[in-house]
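Here is the structure we will look at, set down as C-alpha cells.
The values are calculated or read from the model by the stated rules, or taken from the named source; none is laboratory data. Treat the numbers as computed from the prediction; the structure is a model and nothing was measured. Glycine also receives a Cβ, built like all others from the backbone with ideal geometry; neighbour counts cover every protein chain displayed. All accessible areas refer to the heavy atoms of the entire protein, side chains included, with ligands and DNA or RNA removed. Shrake-Rupley method; radii C 1.70, N 1.55, O 1.52, S 1.80 Å.
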Amino acid sequence: MATRIFGSGIKRREDPRLITGKARYTDDFQMAGMVHMVVVRSPHAHARITSIDTSAARGAPGVVAVFTGHDLKLGAIPCAWLVPGSDLKVPAHPALATETVRYVGDGVAMIIATDRYLAQDAADLVQVTYEVLPAVVNPETSTKEGSPQLFPEIANNVAFHWVASSGDDGVNQAFAEAEVVVKERIVQQRLLPTAMEPRAVLAQWDKYAEELTVYSTTQNPHIARFILSGVTGVPEHKLRVIAPEVGGGFGSKIPVYADEALAAWASMKLGVPVKWAETRSENYQVTIHGRDHVEYVEMAATKEGKVTAIRGTVYAGLGAYISTAAPGVPTILHGLMYSGAYAIPHIRAETFGVLTNTTPVDAYRGAGRPEATFLVERLMDRLAHTLNMDPVALRRKNLIPPFENGYTVAIGLTYDSGNYEAALAKALGMFDYEGFRREQAAARQQGRYLGIGVTTYSECCGLGPSQVAGAVGFQGGLWESAIVRFSPAGKVQALIGASPHGQGEETTFAQIIADELGVPVDDVEIAHGDTNRSPMGWGSYGSRTTPVGGAALVTAARKIKEKARAMAAHLLEAATEDIEYGDGKFFVRGAPDRFKSIQEAALMATLAWNLPAGMEPGMEASAFYDPPNFVYPFGTHIAVVEVNPATGQVDLQRYIAVDDCGPQINPMIVEGQIHGGLVQGIGQVLCEGVVYDDQGQLLTGTMMDYAMPRADMFPTFEIESTVTPSPHHPIGVKGVGETGAIASTPTVYNAVIDALQPFGIEQMEMPLTAPRVWKAIQDARAKGGQ
Amino acid sequence: MQLSGTYTFNADQQTVWKLLMDPQAIAKALPNAQSMTPIEGETDAWRVIVKLNLPVINGAFNGIIRMSEQVEPDHYRLTVSGEGQQSVIGGTALITLTPDAGGAKTLLKWVADANISGKLAGIGQRLAGSVAPMMANQFFNAMAKQLPARP
C-alpha cells in the first residue's frame with residue numbers, strides 16, 4: 001500500500017491558480033451593462049444630517065443615479081446573534097443613514113455611474129450638511145454618565161450586560177478567603193483584520209426570472225443569502241449567493257454589511273448589474289474591526305500557587321451598530337473560556353457590550369478566545385511573579401490532568417479531550433528552559449534583558465452543536481452538510497456547504513475522500529461557495545470547516561462506501577458481510593483476486609443494468625452533520641525575546657509552538673495555518689493597533705499608518721505537535737485555524753514583561769512599540785528600578 | 001490639533017500688513033489654488049478651490065476663507081473651512097505681526113487650531129504636523145515675493 005494520503009503534506013491544489021493570477025475574485029467579474037456603486041460616507045463620527053443635496057452629483061459625467069436613505073426600500077441590517085439573558089437591545093441599522101451618522105464611514109448616499117472613477121468623482125459633489133455632535137470612542141468611558149449617547153433608547157450606550165458564573169457565592173467566597181489575589185486592567189486594543197482582498201459585491205437582478213444573483217466576498221454564502229433575503233425581500237429560492245475566490249477573511253467577511261444590500265437593491269431598482277469594491281482605506285473605515293476590550297480581571301490563589309478563582313468585568317466595544325455576530329464574541333466565545341487549560345473551581349465572567357462612535361466590531365481571528373487566553377495567561381504570570389514562583393511550575397500545578405472523553409470546567413463547558421502536560425513537556429523538550437534561565441541571569445549582569453513567555457492554552461472551536469447555538473441565541477444552526485458523488489467514469493465530486501477562502505480545504509477534503517474511498521486524490525474535486533450548487537452550510541469561521549464540514553464529508557463518503565460494498569457484493573455474487581475492503585477494492589473474504597474496484601461498483605450502480613433488489617441507482621450520498629460538542633485544541637507556546645533597554649526595541653528571537661489539533665490531514669497546511677495565526681497574534685503584541693482621536697476620527701486609516709507585522713520581525717517558527725483525537729469526531733480532528741492567534745499574543749507579551757522584571761515593570765499597553773517600551777523603562781528607572 | 005509657526009518678512013510692519021490684507025496677493029500665493037472669488041454680501045470672505053496632492057488623497061477641496069478681528073497692523077484671525085475627498089477641514093489661526101528692533105523686518109507668528117475629519121484624518125494627523133507648516137511657509141514665501149521692491 002502506498003503512503004497514506006491522509007496525513008501527507010501534499011501541496012495545496014489551490015495555489016497554482018492563486019500565484020499565477022488565474023484565480024477569479026468578485027471584482028474580476030464583468031457583466032454586460034454593469035454599473036458601479038460608490039458610497040458617500042460620513043467624515044464625522046457623530047453628527048445629525050441637516051440636509052443632503054445630490055443635484056450636482058446627478059448631473060456629473062457618467063452618473064446613472066444617486067440615492068439617499070430616503071429612496072431605499074430595504075430592511076435594516078440585522079444582528080444574527082441575540083445572546084439571551086443579557087437584555088440585548090439591537091438598535092436599527094439602516095443601510096444608509098437618514099438622520100444621524102454614528103461613525104466615520106457611515107453611509108449617507110450612493111452613486112451609481114458607468115465607471116468606478118466617475119462614481120468616485122461624483123461622490124464628492126454630494127453636499128451633505130451636518131450638525132456635528134460630540135463623539136465617544138472608548139468603550140469604558142462610553143458607559144459613564146454624561147457620555148455622548150448614540151441611541152436614545154439605549155441608556156449609557158450599554159447594548160447588553162451578560163454574566164456567566166460558576167456561582168457568585170462561591171466566587172465571592174474564594175476571593176474573600178484567598179491568600180493571594182492578583183489584578184490587572186487589560187486593554188485589548190482594536191485591530192484591523194486586513195484581509196488581502198478587500199470586500200466587494202456584484203449584484204445582478206434578472207428581471208425576467210425575478211432572480212437575484214450576488215457575487216460576494218463572504219465566508220458564509222448561505223448565511224449571506226438568508227440575511228440578504230430578509231433585507232431585500234427576495235425569497236431565498238430566488239436568491240443565489242456566490243462566493244468566488246475570496247482572498248482571506250479572518251472573520252471580517254462573516255457579516256452582511258450595508259454595502260451588499262445596497263448593491264442588491266440598486267440592481268433591482270435599475271435592472272442592471274451593480275458592482276461595488278472597497279478601497280483599502282474604505283476597508284479600514286467600514287469593514288469590521290476586532291477586539292476592543294477594556295478588562296478588569298483578577299485571580300485568587302493559595303500561597304502554594306493553586307488557583308482558586310478567576311473573574312473579570314469586560315467593557316467590549318461594539319462600534320456604532322451591532323454587527324452580525326458581535327454580541328456572541330465577547331460573551332459566549334470569551335467569557336466561557338476563562339478556565340483556559342486550568343482546573344479553576346470558581347469563575348465569573350461579566351461583559352458589557354458598549355456602543356461607541358467607531359467602526360463596528362465583530363469576530364476577528366480567534367474571536368473572544370484570544371482575549372480570554374490573554375487574560376488567563378497574563379494573570380498566571382502575574383501570580384507567578386507575586387508568589388516568586390516559576391511560571392512553568394505554576395502552570396503545571398494548575399493544568400487540567402489528561403482526559404480522553406470529556407472534562408467539565410466550572411463555568412459549564414465540557415472540553416472534549418486534552419493532554420496539556422504532554423504538549424508542555426514536548427515544547428520544553430525543544431528548549432533548554434533551565435539553561436535559558438541561567439543565561440537570562442547572566443545576561444542581566446551585562447545589562448542585557450532576555451525574557452521568556454510560556455503559554456499553556458486550550459481553546460474552543462469547531463462551532464458547534466446547533467442545540468447550543470440556539471440556546472446561546474445564534475440565529476442559525478451550526479451543522480454542515482456534504483454531497484459526495486461518483487461520476488460514471490469514476491471521478492468523485494464533493495459539494496460542501498462550508499466556504500473555504502484560503503484555508504486549503506479543496507486539498508485537505510480531497511485527501512479525506514481519497515483516504516475514505518481509496519481513489520486517487522487527483523480524481524477528487526471539492527466544490528463550494530455557491531448556494532445554487534453547494535448544499536446548505538453555515539460557513540467557514542470559528543475553526544469549524546474541518547471539525548464540522550469535514551465530519552459531514554466523511555459521513556457522506558462512508559455512506560457511499562457502504563453502498564459500493566453492497567453493489568460489489570452483488571456483482572461478486574457474495575453476501576455483503578463477506579466483502580472486505582482494502583485500498584479502493586472490495587474483495588471476497590479469503591479470495592483477494594475476486595474483487596471489484598470502487599469505481600467499477602460506482603459505474604455499475606450508475607448504469608443500473610443489474611442492481612441488487614431495492615437499491616436505488618447512482619452512487620451519491622449526502623450527509624448532514626451536527627457536532628455533539630465543540631472541539632478543544634490545545635498546546636504550549638514558548639517565546640524568547642530580548643529587549644534593548646537603550647531603544648525599547650523588542651527582538652523576538654525564538655518561537656516554539658506545539659499544538660494539538662488531533663490527527664493532521666495535511667501537516668503542511670496545519671503548519672501554514674499556525675504560521676499565519678502566529679503572525680497575527682504577535683502583530684497585536686508588537687505593532688498593530690487602531691487609533692482614533694477623541695472625536696472619533698480614524699487616524700490609522702491606511703496601511704502607511706496602521707502597522708502590519710512584517711516578515712523581518714519574526715524568527716523561523718519551530719512547530720511541533722502532539723496528537724490527541726477528539727472523541728466525538730468521526731476522524732478525530734480538531735480545528736487549527738485560530739490557535740496561533742489565540743496562543744501567541746500572551747506568549748510574546750509575557751516574554752517582554754519577563755525581560756523587564758529587573759525594572760519592576762508588570763504592565764504596558766499593547767502594542768509594545770519601541771517608544772512605549774523605552775518610556776516604561778525610563779519611568780521605571782526614574783522611580784528607582786534598575 | 002494645535003499647530004504654529006513663524007515667518008520673517010524683509011519689510012516693515014505696515015507694508016506686510018497691507019500685503020496680507022490684499023486678496024489678489026493671497027490668491028497668487030495660495031498653494032495650488034485654482035480659484036478665489038469674493039463671497040457676495042460679505043466682506044473679507046472668499047470661496048476657494050484648492051487642489052491638494054498628498055499620498056492617498058489628491059483632488060479638489062472647496063473652501064471658504066474668512067478674515068476677521070483685524071487690528072491694524074498687529075493681528076488678525078484667519079478662518080478656513082473646506083471639504084472634498086470625503087473629508088472636512090476646519091481651522092482658525094491667529095496671526096500676529098511684530099517689528100524687529102530696527103523696524104526693517106517683521107516677524108509673523110501664527111497659532112492655529114485645526115480639525116480634520118473623514119478620509120483625510122486617516123493620514124492627515126500624521127502628515128498635518130509637517131505638511132501644514134510647509135504649506136504655510138510656501139504661502140508666506142510666495143507672499144514675500146510680492147512685497148514692493150525696497151526703495
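Select from segment B:111-140 the residues that are more than 29 Å from A:A57 (Cβ to Cβ) and among the charged types (D, E, K, R) and write down the one among them that is surrounded by the fewest Cβ atoms within 10 Å (Cβ to Cβ).
Looking at the filtered set, the residue picked out is B:D113.
Among the residues of segment A:226-237, is any under 29 Å from A:G681 (Cβ atoms) and either in contact with a Ser or Thr (Cβ under 8 Å, 6 or more places away or on another chain) or without any contact (Cβ under 8 Å) to a residue 24 or more places away in the chain (or both)? Let's see the steps before the verdict.
Our first condition is that a residue be under 29 Å from A:G681 (Cβ atoms); within segment A:226-237, this holds for none.
No: segment A:226-237 contains no residue that is under 29 Å from A:G681 (Cβ atoms) and either in contact with a Ser or Thr (Cβ under 8 Å, 6 or more places away or on another chain) or without any contact (Cβ under 8 Å) to a residue 24 or more places away in the chain (or both).
Is segment A:72-94 home to any residue that is more than 33 Å from the chain's Cα centre (by Cα) and farther than 27 Å from A:V329 by Cα? Break it down stepwise before answering.
Pass one, segment A:72-94, residues more than 33 Å from the chain's Cα centre (by Cα): none.
Scanning segment A:72-94, I find no residue that is more than 33 Å from the chain's Cα centre (by Cα) and farther than 27 Å from A:V329 by Cα, so the answer is no.
Of all residues being assigned to a strand (DSSP E or B) and of a type outside the set (A, V, I, L, M) in segment A:26-76, which is nearest to the other protein chains (Cβ to nearest Cβ)? Just the residue, please. Steps first, please.
Keep residues of segment A:26-76 that are assigned to a strand (DSSP E or B), which gives A:35-41, A:47-53, A:63-68.
Retained after the next criterion (residues that are of a type outside the set (A, V, I, L, M)): A:36, A:41, A:48, A:50-51, A:53, A:67-68.
On the way: A:H36: 16, A:R41: 6, A:R48: 15, A:T50: 14, A:S51: 14, A:D53: 13, A:F67: 17, A:T68: 16 Å.
Once the filter is applied, the top-ranked residue is A:R41.
Mind telling me which of the residues A:V108, A:V66, A:V90, A:V83 ends up being of a type in the set (A, V, I, L, M), in contact with a helix residue (DSSP H, G or I) (Cβ under 9 Å, 6 or more places away or on another chain) and under 17 Å from A:V38 (Cα atoms)?
Values: A:V108 fails: in contact with a helix residue (DSSP H, G or I) (Cβ under 9 Å, 6 or more places away or on another chain); A:V90 fails: under 17 Å from A:V38 (Cα atoms); A:V83 fails: under 17 Å from A:V38 (Cα atoms).
Among A:V108, A:V66, A:V90, A:V83, only A:V66 is of a type in the set (A, V, I, L, M), in contact with a helix residue (DSSP H, G or I) (Cβ under 9 Å, 6 or more places away or on another chain) and under 17 Å from A:V38 (Cα atoms).
Residues A:V679, A:V691, A:V640, A:V658: which one is over 19 Å from A:G451 (Cβ atoms), β-branched (V, I, T) and in contact with a helix residue (DSSP H, G or I) (Cβ under 7 Å, 6 or more places away or on another chain)?
Within the list A:V679, A:V691, A:V640, A:V658, the selection yields A:V658.
Taking the residues in segment B:80-97 that are touching a helix residue (DSSP H, G or I) at 6+ places or on another chain (Cβ under 6 Å) and either at negative phi or assigned to a helix (DSSP H, G or I) (or both) as candidates, determine which candidate is surrounded by the most Cβ atoms within 10 Å (Cβ to Cβ).
B:S87
Report yes if A:T576 is open to solvent by 40 Å² or more (accessible area, probe 1.4 Å), among the polar types (S, T, N, Q) and free of Cβ contacts under 8 Å to residues at least 24 places away in the same chain, otherwise no. Reasoning before the result, please.
Numbers: open to solvent by 40 Å² or more (accessible area, probe 1.4 Å): yes; among the polar types (S, T, N, Q): yes; free of Cβ contacts under 8 Å to residues at least 24 places away in the same chain: yes.
It is true that A:T576 is open to solvent by 40 Å² or more (accessible area, probe 1.4 Å), among the polar types (S, T, N, Q) and free of Cβ contacts under 8 Å to residues at least 24 places away in the same chain.
Can you tell me which residue among A:N405, A:N419 is at negative phi and modelled with pLDDT under 95? Give the derivation first.
Working: A:N419 fails: modelled with pLDDT under 95.
Exactly one residue qualifies, and that residue is A:N405.
Could you grab me the full set of residues in segment A:187-210 that are in contact (Cβ under 8 Å) with a residue 24 or more places away in the chain, of a type outside the set (K, R) and either surrounded by fewer than 21 Cβ atoms within 10 Å (Cβ to Cβ) or outside any strand (DSSP E or B) (or both)? Quick ask: steps written out before the conclusion?
Taking segment A:187-210 first, the residues in contact (Cβ under 8 Å) with a residue 24 or more places away in the chain are A:187-205, A:207, A:209-210.
Of the ones still in play, those that are also of a type outside the set (K, R) are A:187-189, A:191-198, A:200-205, A:209-210.
Within segment A:187-210, A:V187, A:Q189, A:L192, A:P193, A:T194, A:A195, A:M196, A:E197, A:P198, A:A209, A:E210 qualify.
Test A:G737 against the stated conditions and say whether it is farther than 29 Å from A:T141 by Cα, open to solvent by 10 Å² or more (accessible area, probe 1.4 Å) and not in a loop (DSSP other than H, G, I, E, B). Write out each step before concluding.
Numbers: farther than 29 Å from A:T141 by Cα: yes; open to solvent by 10 Å² or more (accessible area, probe 1.4 Å): yes; not in a loop (DSSP other than H, G, I, E, B): no.
Here the answer is no, as A:G737 does not meet what is asked.
Which one of A:E525, A:E516, A:E506 is assigned by TED's automatic domain parsing to the domain that holds A:Y541, open to solvent by 10 Å² or more (accessible area, probe 1.4 Å) and in a strand (DSSP E or B)?
A:E525
With over 16 Å from the mean Cα position of the chain (by Cα), surrounded by fewer than 18 Cβ atoms within 10 Å (Cβ to Cβ), more than 14 Å from chain A (Cβ to nearest Cβ) and at pLDDT 90 or above as the only criterion, which of B:D100, B:D22, B:D44 stands out?
Details: B:D22 fails: over 16 Å from the mean Cα position of the chain (by Cα); B:D44 fails: over 16 Å from the mean Cα position of the chain (by Cα).
So the residue among B:D100, B:D22, B:D44 that is over 16 Å from the mean Cα position of the chain (by Cα), surrounded by fewer than 18 Cβ atoms within 10 Å (Cβ to Cβ), more than 14 Å from chain A (Cβ to nearest Cβ) and at pLDDT 90 or above is B:D100.
For segment A:77-173, list the strands (runs of 3 or more DSSP E) that sit wholly inside it and hold at least 2 residues that are out of contact with any Leu (no Cβ under 6 Å at 6 or more places or on another chain) and over 30 Å from A:A309 (Cβ atoms); which are they? Spell out the reasoning first.
Working: elements: A:107-113, A:127-132, A:158-165.
Answer list for segment A:77-173: A:107-113, A:127-132.
Looking at A:G319, A:G248, which one is surrounded by fewer than 22 Cβ atoms within 10 Å (Cβ to Cβ) and under 24 Å from the mean Cα position of the chain (by Cα)?
Values: A:G319 fails: surrounded by fewer than 22 Cβ atoms within 10 Å (Cβ to Cβ).
Going through A:G319, A:G248 in turn, the sole match is A:G248.
Among the numbered criteria (1) in contact (Cβ under 8 Å) with a residue 60 or more places away in the chain; (2) within 27 Å of A:G435 (Cβ to Cβ); (3) open to solvent by 10 Å² or more (accessible area, probe 1.4 Å); (4) in contact with a Ser or Thr (Cβ under 9 Å, 6 or more places away or on another chain), which single criterion is violated by A:A341?
Every condition holds for A:A341 apart from (3).
Starting from segment A:420-446, keep only residues that are under 23 Å from A:T722 (Cβ atoms), then list their pairs with residues that are assigned to a loop (DSSP other than H, G, I, E, B) and open to solvent by 10 Å² or more (accessible area, probe 1.4 Å) whose Cβ atoms are within a distance under 8 Å, requiring at least 6 positions of separation or different chains.
A:Y420/A:P402; A:E421/A:P401; A:E421/A:P402; A:A422/A:P402; A:A422/A:T722; A:A422/A:T724; A:A423/A:T722; A:K426/A:T722
Spot the failing condition for B:L108; the list is (1) over 10 Å from the mean Cα position of the chain (by Cα); (2) touching a residue at least 24 places away in the same chain (Cβ under 8 Å); (3) open to solvent by 20 Å² or more (accessible area, probe 1.4 Å), and only one is missed.
(3)
Out of segment B:103-129, which residues are part of a strand (DSSP E or B) and either aliphatic (A, V, I, L, M) or away from every other protein chain (no Cβ under 14 Å) (or both)?
Here is the first cut: in segment B:103-129, the ones part of a strand (DSSP E or B) are B:106-118.
Passing the criteria: B:T106, B:L107, B:L108, B:K109, B:W110, B:V111, B:A112, B:A114, B:I116.
Report, by residue number, each residue of segment B:1-17 that is assigned to a helix (DSSP H, G or I) and surrounded by fewer than 16 Cβ atoms within 10 Å (Cβ to Cβ).
Filtering segment B:1-17 for residues assigned to a helix (DSSP H, G or I) gives B:13-17.
Across segment B:1-17, the qualifying residue is only B:Q14.
For A:Y284, all conditions in the list (1) in contact with a Gly (Cβ under 7 Å, 6 or more places away or on another chain); (2) away from chain B (no Cβ under 14 Å); (3) farther than 16 Å from A:R378 by Cβ hold save one; what is the number of the exception?
(2)
Quick one: would you say A:A372 is crowded, with 22+ Cβ neighbours inside 10 Å and part of a helix (DSSP H, G or I)? Give the derivation first.
Numbers: crowded, with 22+ Cβ neighbours inside 10 Å: yes; part of a helix (DSSP H, G or I): yes.
In short, yes.
Right, A:R395: buried (at least 21 other Cβ atoms within 10 Å of the Cβ), within 25 Å of A:K303 (Cβ to Cβ) and of a type in the set (K, R) or not? Talk me through it step by step, then tell me what you get.
Numbers: buried (at least 21 other Cβ atoms within 10 Å of the Cβ): yes; within 25 Å of A:K303 (Cβ to Cβ): yes; of a type in the set (K, R): yes.
Answer is yes for this residue.
Conditions first: (1) open to solvent by less than 10 Å² (accessible area, probe 1.4 Å); (2) over 18 Å from the mean Cα position of the chain (by Cα). A:P330 passes all but one, so which condition is the exception?
Only one criterion is unmet by A:P330, namely (2).
Residues checked against (1) closer than 30 Å to A:R41 by Cβ; (2) over 12 Å from the mean Cα position of the chain (by Cα); (3) within 14 Å of chain A (Cβ to nearest Cβ):
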position: B:E69; (1), (2), (3): no, yes, no
position: B:L78; (1), (2), (3): yes, no, no
position: B:E83; (1), (2), (3): yes, yes, yes
position: B:S87; (1), (2), (3): yes, yes, yes
position: B:G90; (1), (2), (3): yes, yes, yes
position: B:M135; (1), (2), (3): yes, no, no
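Got at least one residue in segment A:293-307 being within 20 Å of the chain's Cα centre (by Cα), surrounded by 24 or more Cβ atoms within 10 Å (Cβ to Cβ) and in contact (Cβ under 8 Å) with a residue 40 or more places away in the chain?
Restricting attention to segment A:293-307, the residues satisfying the condition of being within 20 Å of the chain's Cα centre (by Cα) are A:293.
Subset that is surrounded by 24 or more Cβ atoms within 10 Å (Cβ to Cβ): A:293.
Of the ones still in play, those that are also in contact (Cβ under 8 Å) with a residue 40 or more places away in the chain are A:293.
Yes, because at least one residue in segment A:293-307 is within 20 Å of the chain's Cα centre (by Cα), surrounded by 24 or more Cβ atoms within 10 Å (Cβ to Cβ) and in contact (Cβ under 8 Å) with a residue 40 or more places away in the chain.
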